[in-house]
Amino acid sequence: MDRENYNSKKSLGLCVYTEGCLDKVVKGHVYCSKHRFYVNRKSNRYYWDRIARGVCVFCGCHKKAVKGHVLCKEHLDMNRELKRLSRKKRKDMGLCYEISCPNKAEKGKAHCFKHLERERKRQRDNVEEQKIKGLCIRWRCENKAKSGRVLCEYHLKKLSENGIRYYWDRIARGVCSYSGCKFKAKKGFRRCEYHYKLERLRDRVRNMK
């Protein structure tokens, strides 16, 4: 079918699969229900065939897929950039990060309540699965966890470096060094008034023991 016929049928809301098909399209698509089923089945067969051969699933690409992914390096980077731009746009609009989700994001979060709960469950399940395998609980990390810990050597070191940098950054800004606290530190101290008193109370309890 040439471009002119395609655009003509599309503007009339008719299926563009063949010139002979005059059925109405499924809402939001360019095919009728019958031909949409054919296209989906063909796409699935094409998709899984390329995965089995270790080839990038992007249409027309013949490069090898990156290990652990279904796209080649070029299309993986392109896909990440498109997702980043889409998420930035949705964030500016105050919408949930999840593509096609019409719900507003929860205050101070990137997802709506429904997708926030799904994301938390996915993370909990991943942590439990990694622990059972004896692997580092960081997402997609396949290194063995250090004995008696839940992180591998690399992520323990990274966590320590980030923690130290975070700690001294808060002190430099005059903010309470207690993680998550937004109050100003007490003059001459590294904690706010509340966390300073809390720390003193803990010390007294420890001394009593």
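Quick grid of which residues meet (1) among the small types (Gly, Ala, Ser); (2) farther than 26 Å from Gly68 by Cβ:
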| residue | (1), (2) |
| --- | --- |
| Tyr97 | no, no |
| Lys109 | no, yes |
| Trp139 | no, no |
| Ile171 | no, yes |
| Ser179 | yes, yes |
| Glu193 | no, yes |
* Flag if Asp92 is among the acidic types (Asp, Glu) and closer than 26 Å to Tyr17 by Cα -> no
* Odd one out for Lys186 among (1) surrounded by 12 or more Cβ atoms within 10 Å (Cβ to Cβ); (2) in contact with a Lys or Arg (Cβ under 9 Å, 6 or more places away or on another chain) -> (2)
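Can you tell which of Tyr196, Tyr167 is over 20 Å from the mean Cα position of the chain (by Cα), over 30 Å from Arg87 (Cα atoms) and part of a helix (DSSP H, G or I)? Don't jump to the end; show me each part of the working.
Details: Tyr167 fails: over 30 Å from Arg87 (Cα atoms).
Criteria check complete, one pass: Tyr196.
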* **Residues of the stretch 89-106 that turn out to be in a helix (DSSP H, G or I) and surrounded by fewer than 13 Cβ atoms within 10 Å (Cβ to Cβ), as a count** => 2
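Out of all the residues in the stretch 84-95, is one or more within 25 Å of Cys141 (Cα to Cα), modelled with pLDDT of 90 or more and not β-branched (Val, Ile, Thr)?
Step one: of the stretch 84-95, the residues within 25 Å of Cys141 (Cα to Cα) are 84, 87.
If we keep only those that are modelled with pLDDT of 90 or more too, we end up with 84.
Adding the requirement that they be not β-branched (Val, Ile, Thr) leaves 84.
The answer is yes, given that some residue of the stretch 84-95 is within 25 Å of Cys141 (Cα to Cα), modelled with pLDDT of 90 or more and not β-branched (Val, Ile, Thr).
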* So which residues in the stretch 59-77 are over 18 Å from Arg140 (Cα atoms) and modelled with pLDDT under 90? -> Cys59, Gly60, Cys61, His62
* Mind listing whichever residues of the stretch 107-136 are surrounded by 14 or more Cβ atoms within 10 Å (Cβ to Cβ), at pLDDT 90 or above, out of contact with any Asp or Glu (no Cβ under 7 Å at 6 or more places or on another chain) and part of a loop (DSSP other than H, G, I, E, B)? => Cys136
* **The one condition in (1) modelled with pLDDT under 90; (2) farther than 27 Å from Cys141 by Cβ that Arg53 fails to fulfil** => (1)
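The values are calculated or read from the model by the stated rules, or taken from the named source; none is laboratory data. These numbers were taken from a predicted model, which means no experiment stands behind them. In this analysis, Cβ positions are derived from the backbone assuming ideal geometry, glycine residues included, and neighbour counts consider all displayed protein chains.
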